[in-house]
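For reference, the structure is listed below as structure tokens.
The values are calculated or read from the model by the stated rules, or taken from the named source; none is laboratory data. Keep in mind that this is a model prediction, so the values were computed, not measured. Here the Cβ is made from the backbone with ideal geometry for all residues, glycine too, and neighbour counts use every protein chain on show.
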Amino acid sequence: MKQVWAIATTTLGEAIRRRVLLVILLVGVAFIAIAPGLGVLSARSETTVLRSMLLSIIQLTSAVIAVVLTVYMIPNEIERRTIYTILSKPVHRWQFLLGKYFGAVLALMVMMAMMTGVLCLAFFVQQGYRADGLTQLLRAPIMFFVQMCLLAAVGVFFSTFVTPLVNFFLSGAVYLVGTTFSSFFESMLNNPSSSNIAKIIGRLVNTLLPNFAYYNVQNPLINPTVVIQDETQNYIKIVAYGVLYIGVLLVAGILVFDRREV
Amino acid sequence: MAAAIETQNLTKTYKNRSGKVNVVDQLNLSVEEGEIFGFLGPNGAGKTTTIKMLLGIIYPSAGQAQVLGKEAGDIGIHRSISYLPEKPYYYEHMTGMEILKFYGALFGLSDTAMYQRLLERVNLAGDQHKTISQYSKGMQQRIGLAQSLLNDPKLLFLDEPTGGLDPIAHIEIRDLILQFREEGKTVFISSHALSDVERICDRVAIINKGKIAAQGKLDDLLRGGRIEIIADNLTSEFAQGLKLNGATTSFNAGRLIVDIDEAEDFNGLIDGIRNAKGKVVSVLPRRRRLEDLFVETVRNLQSQGASK
Ligand SMILES: Nc1ncnc2c1ncn2[C@@H]1O[C@H](COP(=O)(O)OP(=O)(O)O)[C@@H](O)[C@H]1O
Ligand SMILES: [Mg+2]
């Protein structure tokens with residue numbers, strides 16, 4: 001455990017100094033800071049519209065960070081030979097991979113917390129402080145965080161066997177399909193009138209690809225039709241789904257990485 | 001004495017454009033405990049690949065290797081060994097002290113006093129709060145050596161430890177390695193050159209194209225050099241009258257320069273010069289250089305290959 005933690009904190013230290021990531025983060029923060037100003041100008045703008053817009057910015061920025069963060073993680077270690085000094089110590093490969101993954105999670109946590117902080121500030125400036133409003137506001141970023149942890153696990157999994165560029169498009173595609181089209185595939189599966197082939201495709205996509213759309217809560221622009229009866233239960237359910245999926249991805253990644261030549 | 005490293009027909013095959021290549025080819029090595037072993041060979045000979053197999057970072061295509069009595073790659077032996085990679089890089093944002101804390105944590109250690117002693121030992125105590133990005137190459141190599149000593153290893157793998165360093169850094173590293181020998185550690189050094197560091201090896205193996213070309217004591221391997229004799233006050237008749245096997249001679253304005261095989265009768269030549277009232281200016285033994293040995297062993301291997 002000590003090994004995993006040491007690798008994770010080192011990965012975090014490196015990540016928060018990566019220039020690419022900082023630029024992406026800065027662009028995200030800038031948009032969040034500017035957007036409310038633009039909203040005030042438009043007379044018809046409603047709080048919910050503004051809020052979902054800001055949340056979308058956070059989500060998009062975090063997704064880009066999660067992918068950029070993970071696709072280079074293993075290749076960089078190999079290129080700089082740091083992995084050799086680590087693996088020549090009493091460190092198992094699974095510990096190395098887990099450490100790298102948790103480092104990415106920590107980095108995402110720090111960066112998303114920063115964006116969320118700016119988001120809260122923007123809201124307080126506009127509407128004044130309201131405690132109930134705050135919990136309302138924080139729900140979505142927390143769910144996004146789970147979503148990004150899932151995306152990071154996808155990136156780490158692919159990074160054990162494909163090059164960074166391929167991984168970038170693969171993880172990006174998995175995310176896009178998982179967020180935007182998962183409801184489409186779900187309807188393909190559930191619609192009684194759809195053909196058998198459509199059902200098989202629907203089932204395949206549904207079981208293989210993580211359903212990122214689960215986490216697009218409180219975001220009526222993206223998911224306007226979802227009506228949730230029992231919120232708390234739903235949150236627990238989707239977090240458990242995420243943790244399970246992450247576990248499967250990491251175990252698969254470890255199995256690949258264990259046999260791999262570095 | 002027990003063997004610290006043993007390999008039996010250790011082989012690593014890689015695919016490249018022209019097909020499969022045995023980058024390490026049926027290697028049989030035996031390194032005794034407590035010795036400084038030089039693993040020498042030109043670039044691309046397969047040195048790093050061999051070390052990676054011994055560490056379990058990559059896996060042999062055929063053959064076996066044992067390190068400290070266990071199969072290579074056994075995580076248990078990683079407690080008693082350490083590795084300094086070729087041209088290493090350490091996380092640039094960390095300070096020297098943080099590097100030791102990080103690698104120490106990988107052993108489950110958190111002994112700041114010990115880290116401090118190690119930094120002093122490699123002469124970095126004064127720079128421990130500078131980040132690695134501010135370190136010179138020599139300092140980076142020294143922090144590398146410090147991290148390789150964290151577990152007080154029995155066996156150290158140093159891959160090209162002097163690559164790209166200046167002569168003073170060479171001597172610093174040589175002195176550290178001499179201390180390791182005092183402490184009874186086994187040191188496995190790979191190198192493509194013969195600097196001060198490799199000269200302190202108890203034994204060396206010369207590897208070329210994945211095969212051992214020669215092994216033994218460095219002195220023995222480098223024996224059989226040539227001797228250069230310079231003499232003045234001689235006549236051209238004397239120079240022309242010389243009958244020497246495999247020697248190159250040059251004569252100019254009374255000065256004779258002869259480059260003769262050590263095994264030839266160079267004492268007879270010196271007597272001859274004196275009898276002719278010549279004056280011997282210098283007799284200079286020329287040891288073979290490692291590069292010569294590389295060239296020779298490569299040639300031998302090729303001629304063996306051709307005769308097969
Ligand atoms: N992963 C790899 N795939 C293919 N060829 C490799 C790989 N690693 C090393 N080689 C080749 O193996 C040969 C030996 O490499 P190496 O062991 O690094 O040599 P040395 O350390 O003696 O300079 C080189 O020709 C190198 O190109
Ligand atoms: Mg090498």
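Look through A:Leu87, A:Leu108, A:Leu151, A:Leu137 and report the one residue that is within 14 Å of chain B (Cβ to nearest Cβ) and in contact (Cβ under 8 Å) with a residue 40 or more places away in the chain.
The match here is A:Leu87.
For the range B:1-33, name all the residues that are within 13 Å of ligand 1 (Cβ to nearest atom) and of a type in the set (Gly, Ala, Ser).
B:Ser18, B:Gly19
Just one of B:Phe188, B:Phe251 is surrounded by 15 or more Cβ atoms within 10 Å (Cβ to Cβ) and in contact (Cβ under 8 Å) with a residue 40 or more places away in the chain; which is it?
Going through B:Phe188, B:Phe251 in turn, the sole match is B:Phe188.
For every residue, the table says whether it meets (1) small (Gly, Ala, Ser); (2) part of a helix (DSSP H, G or I); (3) within 11 Å of chain A (Cβ to nearest Cβ); (4) in contact (Cβ under 8 Å) with a residue 60 or more places away in the chain.
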site	(1), (2), (3), (4)
B:Gly38	yes, no, no, yes
B:Ala45	yes, no, no, yes
B:Thr48	no, yes, yes, yes
B:Ile51	no, yes, yes, yes
B:Tyr59	no, no, yes, no
B:Gln64	no, no, no, no
B:Gly73	yes, no, yes, no
B:His78	no, yes, yes, no
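Mind checking whether some residue in the range B:94-113 is in the same structural domain as B:Asn151 (by TED's automatic domain parsing), touching a residue at least 24 places away in the same chain (Cβ under 8 Å) and surrounded by fewer than 16 Cβ atoms within 10 Å (Cβ to Cβ)?
No, the range B:94-113 contains no residue that is in the same structural domain as B:Asn151 (by TED's automatic domain parsing), touching a residue at least 24 places away in the same chain (Cβ under 8 Å) and surrounded by fewer than 16 Cβ atoms within 10 Å (Cβ to Cβ).
Would you pick out the residues in the range B:34-47 that are near ligand 1 (Cβ under 7 Å from one of its atoms) and buried (at least 23 other Cβ atoms within 10 Å of the Cβ)?
Result: B:Gly41, B:Ala45, B:Gly46, B:Lys47.
Looking at A:Val262, A:Val227, A:Val248, can you tell me which residue is modelled with pLDDT under 85 and more than 14 Å from every other protein chain (Cβ to nearest Cβ)?
A:Val227
Looking at the range A:1-33, which of the residues that are over 19 Å from the mean Cα position of the chain (by Cα), crowded, with 17+ Cβ neighbours inside 10 Å and among the small types (Gly, Ala, Ser) is nearest to the other protein chains (Cβ to nearest Cβ)?
This residue is A:Ala6.
Checking the structure you have, find out if any residue of the range B:111-124 is at pLDDT 90 or above and either within 16 Å of ligand 2 (Cβ to nearest atom) or within 21 Å of B:Leu218 (Cβ to Cβ) (or both).
There is no residue in the range B:111-124 that is at pLDDT 90 or above and either within 16 Å of ligand 2 (Cβ to nearest atom) or within 21 Å of B:Leu218 (Cβ to Cβ) (or both).
Got a number for residues in the range B:77-88 being surrounded by fewer than 23 Cβ atoms within 10 Å (Cβ to Cβ), among the hydroxyl-bearing types (Ser, Thr, Tyr) and within 16 Å of ligand 1 (Cβ to nearest atom)?
Here the count works out to 0.
Of the residues in the range A:64-76, how many are surrounded by 21 or more Cβ atoms within 10 Å (Cβ to Cβ) and out of contact with any Pro (no Cβ under 8 Å at 6 or more places or on another chain)?
Total meeting the criteria: 7.
What tally of residues in the range B:52-62 results from selecting those that are surrounded by 23 or more Cβ atoms within 10 Å (Cβ to Cβ) and near ligand 1 (Cβ under 8 Å from one of its atoms)?
1
Please verify whether the range B:112-127 includes one or more residues that are among the polar types (S, T, N, Q), within 21 Å of B:Pro153 (Cα to Cα), within 14 Å of chain A (Cβ to nearest Cβ) and not in a loop (DSSP other than H, G, I, E, B).
Scanning the range B:112-127 turns up no residue that is among the polar types (S, T, N, Q), within 21 Å of B:Pro153 (Cα to Cα), within 14 Å of chain A (Cβ to nearest Cβ) and not in a loop (DSSP other than H, G, I, E, B).
If you check B:Gly73, B:Gly69, which single one turns out to be closer than 19 Å to B:Ala2 by Cβ and at pLDDT below 95?
Selected residue: B:Gly69, the only one of B:Gly73, B:Gly69 that is closer than 19 Å to B:Ala2 by Cβ and at pLDDT below 95.
What tally of residues in the range B:15-51 results from selecting those that are within 14 Å of ligand 2 (Cβ to nearest atom) and of a type in the set (Phe, Trp, Tyr)?
Residues flagged as within 14 Å of ligand 2 (Cβ to nearest atom) and of a type in the set (Phe, Trp, Tyr) within the range B:15-51 amount to 1.
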